[in-house]
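Written below as structure tokens is the structure these notes are about.
The values are calculated or read from the model by the stated rules, or taken from the named source; none is laboratory data. Not measured: the values here are computed from a predicted model. Every residue, glycine among them, receives a Cβ derived from its backbone with ideal geometry; neighbour counts consider all protein chains shown.
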Amino acid sequence: MFGEEFRMQRERMVEGLRSRYQIKDERVLNAMREVPRHVFVPEALQSRAYGDHALPIAASQTISQPYIVARMSELLELTKESRVLEIGAGSGYQTAILAKLAAQVFAIERIAELAREAQARIRSLGIYNATVKCFDGTFGWNAHAPYNGVLVAAGGPEVPEPLVAQLKIGGRLVIPVGPTREAQSLVRVIRNEEGYEREDHGPCAFVPLIGRYGWTTDETK
Ligand code: SAH
């Protein structure tokens with residue numbers, strides 16, 4: 001019964017992504033139709049899981065707005081063969097979406113409790129091509145590099161150099177970058193033979209990226 005209600009809400013969310021936000025990638029829309037977003041939010045907020053907004057999760061962090069998840073996924077231009085690195089797994093929702101779009105997802109989350117729960121949720125949905133580990137993701141994850149796509153779900157002062165270095169030629173990195181912790185632009189970096197090109201995809205607001213190549217101290221706590 002409940003499951004059916006969420007299925008209809010999910011369908012409406014996907015229609016909104018298409019009509020209101022011009023998300024066109026059918027693979028992304030399908031992944032968002034499949035993954036049960038309500039599983040990734042605190043139980044008390046489940047009825048709001050499919051709304052057009054971010055929601056709070058544990059440890060003062062947030063699950064990103066559905067539009068942002070769709071947009072960042074679309075900008076990565078993944079295929080079934082892609083290997084992806086995600087920084088800031090949080091609830092694991094974006095991780096699950098990436099797992100539907102790519103061959104393998106390596107996800108990093110700096111808060112141990114969130115990393116553990118994200119991994120458990122993903123497994124409970126029968127997704128086995130995504131691994132969540134707990135450490136400072138601004139260093140990247142060199143053991144599995146190079147990546148076709150890197151997605152950073154937290155805002156930093158600049159693009160962390162190790163993440164660019166771990167991109168394949170032709171690979172894409174999507175990250176919110178801004179001079180303050182409060183506001184960022186969504187930046188896409190595409191690596192090429194000579195170096196890389198950088199595009200600006202408009203304003204956004206994420207929780208801070210904290211680490212060696214991010215903001216240095218955690219003033220949000
Ligand atoms: N895509 C996630 C977004 C979670 S918010 C979701 O939709 O649920 C961003 C997350 O980035 C937070 O959980 C925060 O703890 C994490 N984070 C911040 N800095 C990080 C770092 N250096 N390495 C790994 N994770 C980091």
| request: Would you please name the residue that is surrounded by the most Cβ atoms within 10 Å (Cβ to Cβ), looking only at residues in region 18-33 that are aliphatic (A, V, I, L, M) and in contact with an Asp or Glu (Cβ under 7 Å, 6 or more places away or on another chain)? | output: VAL28
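Step by step: first the residues of region 91-105, then only those that are near the ligand (Cβ under 10 Å from one of its atoms) and small (Gly, Ala, Ser), then the one that is surrounded by the most Cβ atoms within 10 Å (Cβ to Cβ). Which residue is that? Break it down into steps so the answer makes sense when it comes.
First, the residues of region 91-105 that are near the ligand (Cβ under 10 Å from one of its atoms): 91-98.
Cutting the leftovers down to small (Gly, Ala, Ser) gives us 91-92, 96.
Values: SER91: 26, GLY92: 30, ALA96: 27.
The residue in question is GLY92.
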| task | Take region 66-90 and flag every residue that is surrounded by 24 or more Cβ atoms within 10 Å (Cβ to Cβ) and assigned to a loop (DSSP other than H, G, I, E, B). | result | LEU78, GLY88, ALA89, GLY90
| What are the residue pairs meeting all of these: first residue in region 98-127, first residue free of Cβ contacts under 8 Å to residues at least 24 places away in the same chain, second residue near the ligand (Cβ under 10 Å from one of its atoms), Cβ atoms under 6 Å, and 6 or more apart or on different chains? | ALA112/CYS134
| Looking at region 130-139, is at least one residue outside any helix (DSSP H, G or I), touching a residue at least 24 places away in the same chain (Cβ under 8 Å) and more than 17 Å from the chain's Cα centre (by Cα)? | no
| query | For region 1-49, which residues satisfy the criterion of being modelled with pLDDT of 95 or more, of a type outside the set (Lys, Arg), more than 21 Å from ILE127 (Cα to Cα) and assigned to a loop (DSSP other than H, G, I, E, B)? | reply | TYR21, GLN22, ILE23, ASP25
